[in-house]
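Notes for the one structure printed next.
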Amino acid sequence: MTNRLAVWGLLLFLATGWSTAARAQQSGCSDQPAFTDFDFWVGEWEVVNFATGAKVGENSIRKLEQGCLLMETWQGEQGSTGTSMNYFNPVTRE
C-alpha cells in the first residue's frame, strides 16, 4: 500500500510540475514588465571606437524563449566572436 501511495504521489507531483512549466512556457515573459526593461537593446548594432569613430565590430541582440531570454552575439572587425545570454530572475529580482 505504501509503494502504491508513493507512486501516485510521484505521478501527481510530476503532472503538476510539468503543467505549471508548460503554462509558463506558453505565456512567455513579455507581459511581465521586468522582462521588457532591456528592449531598447534589441536589434542590430555597429560598434565603434568612441575616440576615433572607427568601426570595431557588430553586435546582434535578440529576444528568445517567448521573450524570457536576451541573446547577444558579437563579432569584432579582427574576427573575434562572442555570445552572451541574459535572463531576469523574478524571484531574486536580478
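Any read-out appearing in this document is the output of simple, stated calculations on the displayed coordinates, not a laboratory observation. Just so it is clear, the model here is predicted, and its values are computed rather than measured. Every residue, glycine among them, receives a Cβ derived from its backbone with ideal geometry; neighbour counts consider all protein chains shown.
Things worth noting here:
- Checked against (1) within 24 Å of Asp31 (Cβ to Cβ); (2) surrounded by fewer than 14 Cβ atoms within 10 Å (Cβ to Cβ), Ile61 meets all criteria but (2).
- Annotation: of all residues in the stretch 29-54 being of a type in the set (A, V, I, L, M) and in a strand (DSSP E or B), the one that is nearest to Ser84 (Cα to Cα) is Val47.
- Failed condition for Phe50, given (1) surrounded by 14 or more Cβ atoms within 10 Å (Cβ to Cβ); (2) more than 16 Å from Gly28 (Cβ to Cβ): (1)
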